[in-house]
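**Student:** Once you've had a glance at the structure underneath, I'll fire off some questions.
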Amino acid sequence: MLLVGALLAMPLAAQNSSDLYVIPVASHTSGQFGTQWMSDLAIQNTQSSPLTVQLIFIESGEGNPNNIFPVTTTNTTGAVTIPAGGSVLLKDVLNGYRGFSSTVGSLIVGGDKPFALTSRSYSMTPAGNTIGQTVPPAANFIDNTVGVTNNQTAIAYLPGLINNAQFRTNIGFVAGNGSTNGQPMSVQVTVRNAAGSAVGTRAFTIPGGAFTHVQFSISSVAPASLDIAGAEVTITQGSGAVVPYASVVDNGSADAVFILGQFPANAPAAGKTAVSSVFRDLFIRMTQ
């Protein structure tokens, strides 16, 4: 059974958070063709009283066991308070994160009352002009820790991928291993061409209890030129939750399109919701 979960307004323990959001990717880093990428975070308080939200960050990279920290940067100290009915914009939110000059990963943002959130990933020219893409909070994810899940049918799809002379595609995901006995979790990414043929597969291992964010070129999965393709993301072994995404970037202008993993309506059990205890428990543990 495929479990599709909403990470918006996730019911956490009341004393910790009543609203939790996952921004699948955020960065302050140099990119290809002279681009410099950064992320802004916009938070709107829907309450009639001030609201404090907390931010934690899952650093990108495989095999990194110590990769989760509060977001302490030049623009925030791990928490931000928004006036009643007001909004806050955290510009280049990861600038100065832990003293790093470059960082990529995933943000988790939570508060003790509901709020609204969005983010933007963009590149800035030396003249100060920007071009980028909206990165919304994840609305769908694979989570096989809630109920009985058939890993063969629990698939997230990434449509509209291009990798040729004009466009490049990056694929990524943030995943948490929900194992209680230390067993590893395996995540597989398969790329299919326009004819539906599998042209490349790549597997990732998330150690027991660990959280991983990875971002990689589609060329590392399927080296052939692709004018149009799609990818499938599955958990092939173990227990946990995965939020997949892709970004298709124009090589000339750096204009980009962000794609969240999708679950078509004809997928098994589509439309059901599930609370991801994997991301919930991580947030509670890091903010207590």
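**Student:** List the residues whose amide H sits under 5 Å from the amide H of GLY238, counting only those 5 or more places along or on another chain, with H placed 1.01 Å from N in the peptide plane.
**Tutor:** Those lying under 5 Å, H to H, from GLY238 are SER186.
**Student:** Report the Cα centroid-to-centroid distance between segment 187-246 and segment 70-144 in angstrom, as an integer.
**Tutor:** Using only Cα atoms, the two centres lie 25 Å from each other.
**Student:** Continuing with this model, one more query. Classify segment 101-147 as rounded, prolate or oblate from the Cα gyration tensor: take a ≥ b ≥ c as the square roots of its eigenvalues, call it rounded if a/c is under 1.5, otherwise prolate when a/b beats b/c and oblate if not. Numbers along the way, then the final one.
**Tutor:** On the way: a/c = 2.56, a/b = 2.02, b/c = 1.27.
The shape class here is prolate.
**Student:** Continuing with this model, one more query. Name the long-range amide H neighbours of VAL135: under 5 Å, sequence gap of 5 or more, or other chain; modelled H, no Pro or chain starts.
**Tutor:** The list, which skips near neighbours in sequence, is SER119, ARG120, SER121.
**Student:** According to a simple spin-label model (label point 7 Å from Cα along Cα-to-Cβ), what is the distance in nm between SER102 and THR236?
**Tutor:** Taking the two extended label points, one gets 3.0 nm.
**Student:** Would you please give the FRET efficiency between THR180 and SER30, computed as 1/(1 + (r/R0)^6) with r the Cβ-Cβ distance and R0 = 35 Å, to the nearest 0.05? Let's see the in-between values first.
**Tutor:** Details: r = 39 Å, r/R0 = 1.13.
Efficiency for this residue pair is about 0.35.
**Student:** What is the percent carbon and sulfur in the accessible area of segment 62-107, measuring with a 1.4 Å probe over the protein chains and ignoring ligands? Let's see the in-between values first.
**Tutor:** Numbers: 1190 of 2230 Å².
Answer for segment 62-107: carbon and sulfur cover 53 percent of the accessible area.
**Student:** Kindly report the accessible area of segment 149-209 per residue (heavy atoms of protein chains, probe 1.4 Å, no ligands, DNA or RNA), in Å².
**Tutor:** On the way: 2560 Å² over 61 residues.
Dividing the accessible area of segment 149-209 by its residue count gives 42 Å².
**Student:** Tally Lys/Arg at +1 and Asp/Glu at -1 over every other residue whose Cβ is under 12 Å from the Cβ of ALA241; what's the total? Please list the in-between numbers first.
**Tutor:** Numbers: positive: ARG280; negative: ASP143, ASP281.
Result for the neighbourhood of ALA241: -1.
The values are calculated or read from the model by the stated rules, or taken from the named source; none is laboratory data. Every value quoted in this text rests on a predicted model; they were computed, and no experiment measured them. Every residue, glycine as well, gets a Cβ built from its backbone with ideal geometry; the counts of neighbours run over all protein chains shown. Surface accessibility is based on the protein's heavy atoms, side chains included, excluding ligands, DNA and RNA. Shrake-Rupley method; radii C 1.70, N 1.55, O 1.52, S 1.80 Å.
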